[in-house]
1. Could you say whether any residue in the range 25-39 is touching a Ser or Thr at 6+ places or on another chain (Cβ under 9 Å) and of a type in the set (Lys, Arg)?
2. Restricting to helices (runs of 4 or more DSSP H) lying wholly in the chain: which have 2 or more residues that are in contact with a helix residue (DSSP H, G or I) (Cβ under 8 Å, 6 or more places away or on another chain), at pLDDT below 90 and open to solvent by less than 80 Å² (accessible area, probe 1.4 Å)?
3. With respect to residue 68, is the statement that it is among the β-branched types (Val, Ile, Thr) and under 12 Å from the mean Cα position of the chain (by Cα) true?
Amino acid sequence: MAVVHMLTFLLLTPVITFYLLRDWPRINIILKDYIPLRYHLDFTKLAVDIDYVLRGYMVGQAYVCLLTALYYAVGFW
């Protein structure tokens, strides 16, 4: 059962992440409809801050993966 859970996790995580990243602007628009008008500016600022931090994290992880791949390629060569 643990193997089934792990495989499900490994298959669903990239799919869910892809659709969340693709639909993020639409999700923000939909969420704004449920937030009171007086909080729209705060919500927008928070959403921009979250986007900035996540983008920085993803770029950093990409650099780490690239440098690690380069390190191993040169090392194994």
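1. yes
2. Output list reads 24-34, 40-76.
3. Working: among the β-branched types (Val, Ile, Thr): yes; under 12 Å from the mean Cα position of the chain (by Cα): no.
So residue 68 does not fit the description; no.
The values are calculated or read from the model by the stated rules, or taken from the named source; none is laboratory data. Keep in mind that what you see is a predicted model, and the values were worked out from it rather than measured. Neighbour counts run over all protein chains shown; Cβ positions are idealised from the backbone, glycine included. Heavy atoms of the whole protein, side chains included, go into the accessibility calculation; ligands, DNA and RNA do not. Shrake-Rupley method; radii C 1.70, N 1.55, O 1.52, S 1.80 Å.
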